[in-house]
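The block underneath contains the structure these notes are about, expressed in structure tokens.
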Amino acid sequence: MPELSVIVPTYNNREGLRRTLDAVFAQDFPARRYEVIVLDDGSTDGTGAMVGALRAPVEIRYQWQPNRGRAAARNAGSRLAAGRILFYLDSDIIARPDLLSRHVGHHEAHPGRLGVQGRTLVHPEAKTSPFMKTKELLPDLTPRRRTNLSPYHVITRNLSIRAEDLWAVGGFDESFPGYGWEDIELGLRLHAHGVRFFYDAQAIGYHYDVETLERTREKLRQAGEGAVYFWHKHHRRAGLGFFLEIHPAVLPLKWLVYRAGLVGPLIRRLLPWAEREERLWVCSECYNYLLWEAYYEGVFSARRRAGGR
């Protein structure tokens with residue numbers, strides 16, 4: 001029986017998934033000690049045929065389900081898992097050869113309620129547009145404790161936890177309306193259950209996805225809606241509201257900046273010039289504004305549906 005289950009949720013990302021699986025198959029971790037589960041959340045691009053044609057050096061299982069979202073896909077994959085350790089890897093992440101061994105090594109060194117958070121960097125080959133070239137333009141100065149990492153830093157694109165801990169807290173919350181927050185919300189419940197997270201900055205996966213501004217804006221709009229659900233689920237705690245930047249104390253300013261229509265038109269006129277000239281610092285500030293604009297579109301839309309709460 002494998003001790004580690006690599007769970008890869010995917011949706012209409014056949015070629016990206018192929019790269020991800022190739023890297024998983026090339027790990028320095030013994031093949032007999034892990035399995036791979038591909039949970040296909042409603043793909044229509046031939047993902048199943050691609051997985052079925054692979055010559056995998058490890059046990060690989062594939063399951064398709066109607067599209068139900070990220071949390072539901074991770075739960076479904078977790079229910080199929082035989083390993084005591086669940087390792088979540090997104091289908092656009094290319095793992096370094098030592099990624100699995102680093103995760104398992106921490107669990108072996110610290111038995112008990114432990115989660116291991118790896119690090120994700122943008123793959124250099126994905127930086128093919130001004131939008132992608134602004135990724136990691138600034139250094140990531142976010143303080144992260146190596147031991148007892150804050151659950152607010154939990155990201156399930158490169159995360160391992162014990163199966164018994166996942167089910168002890170009820171798994172991922174499948175009620176999140178779209179993209180975003182289901183991983184941090186799980187992290188908060190795991191932390192309350194006694195799980196402590198360890199951050200390994202050398203447990204690296206490379207994000208290989210040529211994102212577009214409009215596709216990312218739609219994700220941020222969904223995240224804004226999800227933030228309202230998240231806050232209400234956790235009893236509108238003040239600290240969480242400020243973390244999500246949706247506490248009523250900050251919303252009037254956010255409305256003025258992002259929803260009143262005073263700044264957006266200027267940004268949209270400036271951005272084409274900055275992209276044409278590849279003024280990446282200017283592009284970065286414009287993109288940042290437009291992404292927050294989409295986030296608050298989702299926030300205020302969800303608040304209206306909730307009666308302004």
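Please treat every number below as a calculation from the coordinates, not as lab data. Treat the numbers as computed from the prediction; the structure is a model and nothing was measured. Cβ placement follows ideal geometry from the backbone for every residue including glycine, while neighbour counts extend to all protein chains displayed.
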Problem - Using alpha-carbon coordinates, inclination of helix 182-193 to the longest axis of the chain, degrees - result: 60 degrees
Handout entry: Extension gain, V257 back to S301 (0.36 nm per residue minus Cα-Cα distance, nm)
Key = 14.2 nm
Exercise for the section: Can you figure out the FRET efficiency of A53 with W273, using R₀ = 45 Å and their beta-carbon distance, to the nearest 0.05? Expected result: 0.45
Fill in the blank from the handout: Around L190 (Cβ within 14 Å, Cβ-to-Cβ, excluding L190; K/R +1, D/E -1) the net charge comes to -1
Handout entry: Cα-based shape type of the chain, given that a ≥ b ≥ c are square roots of the gyration tensor eigenvalues and the cut on a/c is 1.5
Key = prolate
Handout entry: Potential lengthening between E285 and D28 on full extension [0.36 nm per residue; Cα-Cα distance subtracted]
Key = 88.5 nm
Exercise for the section: Using a/c under 1.5 as the rounded threshold, could you call the range 1-49 rounded, prolate or oblate? The axes a ≥ b ≥ c are square roots of the C-alpha gyration tensor eigenvalues, and prolate needs a/b larger than b/c, oblate otherwise. Expected result: prolate
Fill in the blank from the handout: In degrees, nearest 10, the alpha-carbon axis of helix 280-305 is tilted away from the dominant principal axis of the alpha carbons of the chain by 90 degrees
Fill in the blank from the handout: By the Cα gyration tensor axes a ≥ b ≥ c (a/c under 1.5 gives rounded; else a/b larger than b/c gives prolate, otherwise oblate), the shape of the range 125-233 is oblate
Handout entry: For the range 213-305, alpha-carbon Rg and Dmax in angstrom
Key = 14.4, 47
Completion exercise
Relative to the chain, whose Cα atoms define the longest principal axis, helix 99-109 and its Cα axis are tilted in degrees, nearest 10, by 70 degrees
Problem - Directionally averaged projected area (convex hull, Cα atoms, the range 125-185), nm² - result: 6.4 nm²
Problem - Calculated from backbone phi, Karplus (6.51, -1.76, 1.60) coupling profile of the range 18-31 in Hz, x at Gly/Pro - result: 4, 4, 4, 5, 4, 5, 5, 5, 9, 5, 7, 7, x, 4
Practice task
Grab the alpha carbons of the range 1-92, take their convex hull, and tell me the volume per residue in Å³.
Solution key: 79 Å³
Exercise for the section: Find the relative contact order for the range 4-207 and round it to a whole percent, using C-alpha pairs within less than 8 Å whose residues are 6+ positions apart. Expected result: 27 percent
Fill in the blank from the handout: Excluding near-sequence neighbours (fewer than 8 apart on one chain), the chain holds lysine pairs with C-alpha atoms under 23 Å apart numbering 7
Practice task
For an R0 of 22 angstrom, estimate the FRET efficiency from the Cβ-Cβ distance between T120 and E245 and round to the nearest 0.05.
Solution key: 0.50
Problem - Of the GluC sites (Glu not before Pro) in the range 230-279, those whose Cβ has at most 14 other Cβ within 10 Å and which sit in DSSP loop - result: E278
